[in-house]
Amino acid sequence: MAPSAEVHDLSHDEFLAEVHSFEFWFHAVEGYLSGLTWGHRPSTVDVPLAPADRERLVTTLCNYCVGETAALEGASGLVAIAPNRLAKIFLATQVADEGRHLEVFFHRLRDLGVDDPEAEIERRASRSLLLFRRRLLELVASKDWEAAIFAQNVILESLEFAVFQTHAQDADPITGDVLRAVIKDERRHIGFGENELGRRLSAAPHIRARLGQTKKELDHLVLDALEETTTLIGVPRDEQDRLGRAYLASVERLGFGS
Ligand SMILES: [Fe+2]
Ligand SMILES: [Fe+2]
């Protein structure tokens with residue numbers, strides 16, 4: 001069945017089986033990825049950037065690559081510890097999405113004249129984001145399903161969503177195209193995280209204390225990374241604060257206050 005209004009007529013279990021399937025994923029991405037070349041419309045014209053703007057964009061994209069690599073490695077590791085078939089299949093679709101995100105950001109770096117994006121990512125990556133990535137992979141390796149899904153599909157995805165959305169508003173045309181399609185995928189990933197944790201928290205409220213601890217540990221890394229990246233993309237201070245609050249609010253929707 002194609003994703004459409006009918007999904008709302010399904011029972012909750014049937015709904016989850018539908019939206020976590022490759023069948024759903026394929027129809028969803030077909031709607032906004034078909035016809036794109038490296039994540040943007042072939043007709044979108046690249047505009048020359050002033051050297052300082054290009055520099056900032058390169059560093060920003062390097063950090064996006066770190067975030068996407070973390071999500072790619074995290075999601076693929078989570079397939080092995082997911083508690084059921086539907087979660088495994090959903091995460092397999094997420095692995096494909098995150099691999100694509102890494103690819104299009106990497107390609108954009110090449111477009112901008114970066115000869116060796118790997119070396120540039122190494123040189124420019126935010127310390128906070130690298131630490132976040134390490135901590136996420138430790139949670140996955142320790143097989144802590146709830147904490148790892150929380151770190152990845154709620155915390156990391158909410159951070160990316162807030163940053164990408166703001167950046168897309170005044171990015172150059174090609175980067176804007178790339179970001180808008182990526183955002184559509186990230187929205188799906190956040191939906192999975194919120195749904196999965198929402199159900200687990202209502203069935204086993206004691207998990208909340210552990211996740212509160214995970215949040216406390218990761219918040220400062222996320223807020224530091226948010227500040228670094230939004231400064232690079234030229235977001236004014238008050239808007240940066242608003243984004244910080246938007247990030248905290250999205251995590252609070254699951255009942256985690258700061
Ligand atoms: Fe992503
Ligand atoms: Fe994602």
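The values are calculated or read from the model by the stated rules, or taken from the named source; none is laboratory data. It should be emphasised that the depicted structure is a prediction, and the values quoted were computed from it without experimental measurement. A quick note on method: Cβ atoms are made from the backbone with ideal geometry, for glycine too, and the neighbour counts reach across all protein chains shown. Side chains are part of the model used for accessible areas, which takes the heavy atoms of the whole protein and leaves out ligands, DNA and RNA. Shrake-Rupley method; radii C 1.70, N 1.55, O 1.52, S 1.80 Å.
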*When you scan segment 69-122, how many residues do you find that are open to solvent by 60 Å² or more (accessible area, probe 1.4 Å) and without any contact (Cβ under 8 Å) to a residue 12 or more places away in the chain?*
9
*Scanning segment 224-258 for residues that are among the small types (Gly, Ala, Ser) and open to solvent by less than 30 Å² (accessible area, probe 1.4 Å), which turns out farthest from residue 52 (Cα to Cα)?*
250
*Among the residues of segment 19-49 satisfying the criterion of being of a type in the set (Gly, Ala, Ser) and open to solvent by less than 50 Å² (accessible area, probe 1.4 Å), which is farthest from residue 154 (Cα to Cα)?*
39
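Determine, yes or no, whether residue 100 is outside any loop (DSSP other than H, G, I, E, B), away from ligand 1 (no atom under 16 Å from the Cβ) and among the charged types (D, E, K, R). Steps first, please.
Working: outside any loop (DSSP other than H, G, I, E, B): yes; away from ligand 1 (no atom under 16 Å from the Cβ): no; among the charged types (D, E, K, R): yes.
No; evaluated as a whole, the condition is false for this residue.
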*Restricting attention to segment 51-74, and to residues there that are of a type in the set (A, V, I, L, M) and closer than 16 Å to residue 137 by Cβ, which single residue is farthest from ligand 2 (Cβ to nearest atom)?*
66
_Criterion (modelled with pLDDT under 95 and away from ligand 1 (no atom under 16 Å from the Cβ)) met by exactly one of 159, 201_ = 201
*Kindly establish whether residue 238 is closer than 22 Å to residue 56 by Cβ, out of contact with any helix residue (DSSP H, G or I) (no Cβ under 9 Å at 6 or more places or on another chain) and either part of a helix (DSSP H, G or I) or in contact (Cβ under 8 Å) with a residue 12 or more places away in the chain (or both).*
yes
*Of all the helices (runs of 4 or more DSSP H) wholly in segment 124-223, which have at least 2 residues that are under 12 Å from the mean Cα position of the chain (by Cα) and surrounded by 22 or more Cβ atoms within 10 Å (Cβ to Cβ)?*
157-169, 173-203
